[in-house]
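The values are calculated or read from the model by the stated rules, or taken from the named source; none is laboratory data. Keep in mind it's a predicted model, so treat the numbers as computed, not measured. Please note: Cβ atoms are built from the backbone with ideal geometry, for glycine as well, and neighbour counts cover all protein chains shown. What goes into the accessible areas is simple: the full protein's heavy atoms, side chains included, and nothing from ligands, DNA or RNA. Shrake-Rupley method; radii C 1.70, N 1.55, O 1.52, S 1.80 Å.
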Amino acid sequence: MAQKHIIGQAESRWDAIAKVKGQANYTGDFPIKNLLHGKILHATIAHGYVTSYDISEAEKVPGVLKILLPEDLPQIKYSTAGHPWNLEPKKRDIEDRTMLTRHVRVYGDDIGAVIAKTPLAAKQALSKIKVTYDTYPVYLTPKQAMALDAKRIHEERDNVIASTAVGFGDVNQGLDEADFVLHRQLHTPVQLHAHLENQVATAFQSEDQRYTCISSTQIPHICRRIVAQANGLPWSLVRVKKPFIGGGFGNKQDVTIEPLAVAMSKAMGGKPVQINLTREESLAYTRTRHAIDYDVKLGVKKDGTITALDMQVLSNQGGYASHGHAIGGKGGTFINALYKMNSLNYGAKTVYTNIATAGAMRGYGMPQVIFALECVIDDAADKIGMDPIEFRLKNHQPDGFYNELSHTKQQDFRIGDCLKQGPEAFKWQAKVQQAKAFNQLQGPTRRGVGIAAFSFGTATYPFGLETSGARLILLPDGSFKLMVGATEIGQGADTALSQMAADTLGVPFESIIRDAITDTDTDPFDTGAYASRQTYIAGYAIRDAAEKMRKMIIQRAAATFDIRGEFMDIVDGNIVSVSDGDLITTVKDMAQASYFDWQTAKTMVAESSVNIHNNSYASGCTLAEVEVDLQTGKIKLLSLMNVHDSGKIINPLLAAGQVEGGMAMSAGYGLNEGLVYDELGRPMNNNLLDYKLPTTMDLPDLDEIFVETKDPLGPYGNKALGENPTCSPAPAIRNAVKNAVGVGIDTIPLTPESVYDALQAAKAPKGVS
Amino acid sequence: MKHEINFTLNGEAVTCAVDIRKSLLEMLRDDFELTGTKEGCGVGECGACSVIIDGRTVDSCIYLAVWADGKAITTIEGIAQSDGQLAPIQAAFIEAGAVQCGFCIPGMVLASDQLLKDHAQLSRAEIRRGLSGNMCRCTGYQKIIDAVQLADAKRQADPKTVVLPHFKIEQ
């Protein structure tokens, strides 16, 4: 009997039926008796201090139960970043906020709160609270906040919260030795996660007098810790439950509203209180993707050798540190992972400003640095007259490269295969010829093709702790309950993890039962959904638990049938003889016996916990074809393909879905998306009408291919995939636009206005601007 | 102030004394506990709250509850068959891998179902236009459009699977 492999199969996600039936409960869908509603009073200035509140009128609103000011809540400073706790105080995330504050650092800062019987009463009360401020100068950019006379946004530290440099070789010498030096300034926008479900949390005192918080979080275990820290509670007095979650993309890797929800419930004697952010609040007042400015010098020889790369980085942190420098500081390692060069200097500063706090967002700094890198790489190829694919093929790092900056050997690193197989699948050469023929017609539009490559780590080692636990319980009918702390947020983790368990156990996929809720009281510890880590890190934990469970089942069969264990295998739920495949017994029979056999009953539970000290680097590229309207600057995306080196693909259907969603997010990043502010730091487009999320009409059919191999380290030959797709589409689109119109634009999004302006500027005679 | 309305909800005649300020979305979720209908923006931008009213896809967040009086409304809870068997469009969403976080899916499934009912045959371009009012951040829409195309292909292949029209008021 041949082993039926479940890894690599397009299994339907277990929760799809509930979701198409409208049966899946998200945080806001649970019926809670006598639920109260909490609303946050947001600052209407971007920088200053609240000198007084007048709540007298607000208190009179019928249904208002309590108005909370900063002084009413614990003044314990904490960090909202979803990172594992660090035992070394110096390595912890910057603890720079309290739940409510009089110190206003961003427009919309949380300066008060109302608890009422209805959401409407709470809103009415908010509108009646009068606030008086002292106002301070508003800094929108790192440069403004770094000016010598700039006021500190947080009294206790400089506006530059961190500054690092990594690299190797002598960059000045490298630039001297180059035949050409390209000097570019590139800018990326404030992108928003725009998950369809806004942040929502419900907190109440449970029967055991502890606090339960049901929350739409990517990181239940970390959320428990941060809720407890902010409220000054022992960690065990908080229980977090995460039901189905309507997208996160990193925004829910910050613990934003949960501490306040628990504080509100505490203030109401433990009654249930829900905070349910509006779309406008979620877009403007939670977290964003860091806007980053790059100043880049690249030295290149005529033969295509990169002699030097100097990249100076200013990362706009916004008002609070959140994930801080972990994002802006990350690029050097992955530039080195991708391309050979004689010297590299990656210098990064992360700077407080008065715009919305930037945090984790899908790709975690890589979409920014890959945009900057791949624009300049592409321009360098143009400069020396080399084909952009050939230039990348010449310079990419080989399989087996040892990355000194992260002390990681890049095993099974297949960027070369991506750069060869991608263009072929995309019909790059044919598209180049078609574009040339099209452009010769001299019509109102021009066509072009572009490429961009990327590298990406799997999980956070060696920078972050990587632990995960799993538990398998054999149920009486031979199915298994799989319990993990790894978090399903829509990406399909639960389904992929179940496939892993089934594959190692040797049972059908349907034999694995997951849970709609992750619960910090009962599920094993795992730090959660981020860094494209779960199939990798939780994968090891599941493999360990499944191997233990498999061994226990075989041991029982060995004892029952007096056959040595090594002569038996579990295949498709049957226990068979290894030598001839004959059926010996079934997992179901062994399960029954483990519960009910008079002499030997002993139920089976397998536990595991892992601490992983390795990282498998993934890579890939995007190919794009665009048509640009010369009169309006409008870009039409004609085709887009992503190529991924992500090791073994656990579930091709889910993997393709992940890739397509990431491509759409990055296409939006390149073409339309960006939160904008007026000079007072007020967000101007925090709604889904003015913040341009791609719709069905804005995207072409999306294609993807996988350069599939088996990673030697990954638990099932797999490595990162979740965030990877967001890294390279935006620069590939930018490079395609350059190919079409001959102008490389270094600031995204490439809105019609910006393209039009760039075209006009390029047309203007030299010396006139 | 409350106002009593009568309407058909997922094929059943219902009565509700509803706060006149409430949206249809609020009434469905609060008064009828039909929480399959989701709120994504509350102002008619995202389509997560889509329901079918007399054969038209409508954002229930910007439709007053009292306007439901005399209408026939279908929510996501109402499109599977009474024995629980999935509607063809629901099955197609699963088969095509169109579901990720699932928050846009109730609205997307209803909008797709209505689109199929309104057109004997659909091109990909028509599907794109038909679903342009429903936002999704997870899928890039690729497999959602695939799902609608799949459901369309299946009904072309087997006319017996033609979906029944949504509940209409008996005249």
Surpassing 27 Å at the alpha-carbon level, of the pairs A:Lys19/A:Lys123; A:Lys301/A:Lys427; A:Lys123/A:Lys271, are A:Lys19/A:Lys123; A:Lys301/A:Lys427
Using alpha-carbon coordinates alone, the radius of gyration and Dmax of the protein assembly as shown in Å work out to 28.2, 95
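Carbon and sulfur: what percent of the protein assembly as shown's accessible surface (1.4 Å probe)?
Numbers: 17840 of 34900 Å².
That fraction is 51 percent.
For the pairing of chain B with chain A, what total accessible surface becomes buried, with a 1.4 angstrom probe, in square angstrom to the nearest 100? Don't skip to the answer; put the middle values down first.
On the way: alone 9130 and 29530 Å², together 34900 Å².
Adding both sides of the contact gives about 3800 Å².
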Once you place label points 7 Å from the Cα toward the Cβ at A:Lys4 and A:Phe438, how far apart are they in nm? 4.6 nm
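Counting Lys +1, Arg +1, Asp -1, Glu -1, what net charge surrounds A:Leu338 among other residues with beta carbon under 10 Å of its beta carbon? Walk me through the numbers on the way to the answer.
Numbers: positive: A:Lys340, A:Arg392; negative: A:Glu374.
Net local charge, A:Leu338 excluded: +1.
Please work out the average accessible area per residue across the range B:2-78, using the 1.4 Å probe convention, and give it in Å². Each step should come with its number before you reach the end.
Numbers: 3040 Å² over 77 residues.
Averaged over the residues of the range B:2-78, the accessible area is 40 Å².
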With the 1.4 Å probe rolled over protein heavy atoms, the range A:616-769 has an accessible area per residue in Å² of 33 Å²
Pairs over 29 Å Cα to Cα, from A:Lys60/A:Lys692; B:Lys22/B:Lys154; A:Lys21/B:Lys71; A:Lys330/A:Lys409; A:Lys117/B:Lys38; A:Lys330/A:Lys636, come to A:Lys60/A:Lys692; B:Lys22/B:Lys154; A:Lys330/A:Lys636
Given the options A:Pro220, A:Ser265, A:Val238, identify the residue whose Cα lies farthest towards the positive end of the charge dipole of the range A:182-265 (+1 on Cβ of Lys, Arg; -1 on Cβ of Asp, Glu). A:Pro220
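Give me the 1.4 Å probe accessible area per residue for the range B:88-161, excluding ligands and nucleic acids, in Å². Provide the component values of the computation, followed by the final result.
Numbers: 2410 Å² over 74 residues.
Result: 33 Å² of accessible area for each residue.
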Using alpha carbons only, how many degrees (0 to 90, rounded to 10) separate the axis of helix B:105-118 from the longest principal axis of chain B? 70 degrees
Compare the Cα positions of B:Gln121, B:Val99, B:Cys136 along the charge dipole of the range B:88-161 (+1 at Cβ of Lys, Arg; -1 at Cβ of Asp, Glu; about the Cα centre) and return the one farthest towards the positive end. B:Cys136
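Report the charge-dipole magnitude of chain A in Debye, nearest 20, computed about the Cα centre from +1 at each Lys and Arg Cβ and -1 at each Asp and Glu Cβ. Display every interim value, and only then the final one.
Numbers: 77 positive and 86 negative charges, 230 e Å.
Result for chain A is approximately 1100 debye, rounded to the nearest 20.
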If you take the charge dipole of the protein assembly as shown about its Cα centre, with +1 on Lys and Arg Cβ and -1 on Asp and Glu Cβ, which of A:Leu713, A:Ala437, A:Asn251 is farthest toward its positive end? A:Asn251
What residues does the range A:637-677 have that are buried by at least 40 Å² of accessible area in the full protein assembly compared to the chain on its own, 1.4 angstrom probe? A:Leu653, A:Glu660
Can you list which of the DSSP-assigned H helices in chain A have a Cα extent of 15 Å or more along the long axis and an average Kyte-Doolittle score of at least 0.5? A:366-383, A:652-671
1.4 Å probe, heavy atoms, protein only - residues of the range B:95-125 losing at least 30 Å² accessible area vs chain alone: B:Val99, B:Gln100, B:Cys101, B:Phe103
Do you know which residues of the range A:166-214 lose at least 10 square angstrom of accessible area in the protein assembly compared with their chain on its own, with a 1.4 angstrom probe? A:Leu196, A:Glu197, A:Asn198
Name the residues whose placed amide hydrogens come within less than 5 Å of the amide hydrogen of A:Glu466, ignoring near sequence neighbours (fewer than 5 apart) on the same chain. A:Ile612
Reduced to Cα centres, the span from the range A:545-616 to the range A:303-319 in Å works out to 54 Å
Calculated FRET value between B:Arg21 and A:Ile513, using beta carbons and R₀ = 41 Å, to 0.05: 0.40
If Lys and Arg each add +1 and Asp and Glu each add -1, what is the summed charge of the other residues whose beta carbon sits under 13 Å from the beta carbon of A:Ala558? +1
